[in-house]
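The block underneath contains the structure these notes are about, expressed in structure tokens.
Readers should treat all values here as calculations from the given coordinates under stated rules, not as data from a laboratory. Computed from a prediction, not measured in an experiment: that's the story for all the values here. Using ideal geometry, Cβ is built from the backbone for each residue, glycine included, and neighbour counts are taken over all protein chains shown.
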Amino acid sequence: MRRILLIALLVAMVPVTGGLGRAAPPPAGPMQYVAVDDGTEIAVRLCYPDGYVEGTKYPALVQIDGYGGAASLNSNCYAGMHDYVSVAISLRGTGCSGGQLSLFGDRSSQDGAWIIDNWIPSQGWSNGKVGIIGHSYGGLTGFLVASFATTEHLKAVAVSGLIDDFYRGIVYPGGVLNYGFPLLWGAGLRPFAEHMANASFIASDSHCAANYAQHQGSDAAPTPDLLLGTYGSPFTRDPVTGADAWGITHSLLAHEKNIKAPMELGQQYQDEQTGPRGGHVLWENIPAGVPKRIVISTGRHNPSASVGTKMDWLDCWILKDGQDCGDATDPAKRVMLYFESEGNDRLAPYFASDWPLPGTDWERYKLCAGGTLVERSAATTACDGEVSYASTGAGRHMTGDLGQAVSNPAPLAPYGFTTGLPDTARYTLDFSQDTALAGPLELSLWAKLSSPDGNFWAEVLDLDTSTGATTFVQRGLLRGAANGGFDESRSQKTPGGEIYRPYYSYAGLTPIVPESPTKFEIEIFPLGHVWRAGHQLVLQLHAPPANDPISTYAYEPTTPGVVTILQDADHPTTLLLPFMPTLPPHRATAPACGAVNGEVCVTPALG
């Protein structure tokens, strides 16, 4: 049933053209076929701006993907965009383009770069300046194309919905296999969207049909080698060839060193498709000297108001040559954080010069045996003790039951044993005044496992103690047996030396010695949230859910067993929290349960 629900969600997310309240787009031009440097024909369509004057030179705004690509240009060329010629490109091996698809392969990126550096500047309407814009698939491919294009013509990039490292970011987050969205996207959504958008061109355009015949099914489903290299094992290197896994070699992070054009990144904390960490990690690794900005907001995968910031960024570097751009080039405003966005009702942003935020008050809190979080410096031996829960292999928590029956015994007969333990450990932190956190969190967990492996899921919630309304704010996870690959030297740290993003090589699995105290460093993805006075921050630990509470990731169950969390002088289990230096713009009263974009909220939730 869960698999059916996932497929239904994926089909519902197929890109569409047009939309309610949107002005009718100007007509797109005919399909064109551009022979790139190796002779392969790439399908391209143009859309001229309203008020286009023949003989006038315009900059180009490029989008490239393997959904509709050139066929779906109408969704990318809006009435009122007076300054750019829109250029929509179908990836090699998709739609009306020739060749064969290599998902996120370098050859496709080189095609896009060749069109930007050679074909667009040669067009009579072109002034030689090009920008790349894109979200999700178009953002990922746009980022990769930007890593190959020269800055002679590519002047700016504005992309969102990104994955930094396909391996760590989405296929094996925390070393836990996610067979949900990535597999269903590759085998379902992507080819379905491509063929739906291009069907009329394939049927009516013989040139398109001839190019389509070259695909030889490469665009119909993931190839066996891709499936093996991506899902075959939790190792980052091919056990036969020794080469890095597909998810490493094709990742944006592996190409980022070649980015040269000014870059704006967009990230939503609750992104249920491309995930909650990509933009943050990429921001930190953009090469020094490249102008950059990041826009971070509450919200799911399809942000409601990011187009405006993208166009401001592109206009600055393409139309104004980086001069007199206001906020876009202000070094104190390179980071824009939006809080408590409700639909299109967005509060003013909180500006900062860097991310994580300078001036962040990084504080570690001990997980006390009594179920509270106490600031490390204030904790006493009264905090010490053990807390045990039954890790069931796959957690029962899903949207609508965040923490229900936490204290009830969990019968585990389907997993081969029974226990009177709860299936969740829960810790709370009370707030007596409005308090904002923004940035990554990290759980340094000392625990004993009764099994040689096990998956950890750590979720951060906001509980309104007066109503029981509980908001799912963020999560993190780790496969226990991946812990042997922890590398502190490559982990990212605060100015004070605290780890906020642990690094794991995932070069292999190291079985846990049962009942032996072991330290696990668990990445909790960045969040931005205001807890109101009278609310609690709730940290819950349990096995990863069969479906993520935001319903598009599905995790491989692992060995069930009992987890015992330790707290004493030799085993200090702590949670790192990033307190903001000042409160950001927020509403006079707490938003209604479920009103904030992307935040799942239920009432009541905790029993």
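Rounded, prolate or oblate: which fits the chain, taking a ≥ b ≥ c as square roots of the Cα gyration tensor eigenvalues, rounded meaning a/c under 1.5, else prolate when a/b beats b/c? Because a/c hits 1.5 or more and a/b exceeds b/c, the chain counts as prolate.
Taking all C-alpha pairs of the range 74-162, those more than 17 Å from each other amount to 50 percent.
The equivalent ellipsoid of the range 26-352 has semi-axes of 28, 27, 18 Å, largest first, where each one is the square root of 5 times an eigenvalue of the Cα gyration tensor. Dipole check for the chain: with +1 at the C-beta of Lys and Arg, -1 at the C-beta of Asp and Glu, and the Cα centre as origin, the magnitude is about 360 Debye. Across the range 361-602, Cα pairs under 8 Å and at least six residues apart give a relative contact order of 34 percent.
Both radii are taken from the alpha-carbon atoms of the range 361-602; with Rh as the Kirkwood radius, Rg/Rh is 0.94.
Residue-wise HN-Hα couplings along the range 84-98, as the Karplus relation 6.51 cos²θ - 1.76 cosθ + 1.60 with θ = phi - 60° gives them from phi, are 10, 8, 7, 10, 9, 10, 8, 4, 3, x, 10, x, 8, 7, x Hz; Gly and Pro carry x. Of all DSSP beta bridges located in the chain, what percent are antiparallel, nearest 5? Here the antiparallel bridges make up roughly 70 percent for the chain. Full extension of the chain between Met196 and Glu284 yields a length gain of 27.9 nm, computed as 0.36 nm times the residue separation minus the alpha carbon distance. Here is how the number arises for the chain: DSSP H runs of 4 or more residues each give -39500 (n - 2.57), the sum is divided by the residue count, and the result at 222 nm is -4000 deg cm²/dmol. The tail of the calculated P(r) for the range 256-302, taken as Cα-Cα distances beyond 17 Å, holds 34 percent of the pairs.
Averaging 1/r across all pairs of distinct Cα atoms in the range 493-607 and inverting the result yields a Kirkwood radius of 18.3 Å.
Extension gain, Lys57-Leu228: 0.36 nm per intervening residue step, less the Cα-Cα distance, totals 56.8 nm.
Can you pick out the pairs among Lys129/Lys493; Lys333/Lys493; Lys493/Lys519; Lys310/Lys366; Lys257/Lys493 whose Cα atoms lie more than 29 Å from each other?
Details: Lys129/Lys493 39 Å; Lys333/Lys493 23 Å; Lys493/Lys519 17 Å; Lys310/Lys366 41 Å; Lys257/Lys493 21 Å.
Among Lys129/Lys493; Lys333/Lys493; Lys493/Lys519; Lys310/Lys366; Lys257/Lys493, the Cα-Cα distance tops 29 Å for Lys129/Lys493; Lys310/Lys366.
Beta bridges from DSSP with both residues in the range 26-352: antiparallel share about 30 percent, rounded to the nearest 5. Label separation (Ala209 vs Ser466): 6.8 nm, computed from points 7 Å beyond Cα along the C-beta direction. For the chain, the residue among Thr40, Ser491, Ser353 whose Cα projects farthest onto the positive side of the dipole built from Cβ charges is Thr40. Here the range 275-364 carries DSSP beta bridges of which approximately 50% are antiparallel, counting only pairs with both residues inside.
Is the C-alpha gyration tensor of the range 109-209 telling us rounded, prolate or oblate? Criteria: a/c under 1.5 is rounded; beyond that, a/b larger than b/c is prolate, otherwise oblate. It comes out oblate by the Cα gyration axes.
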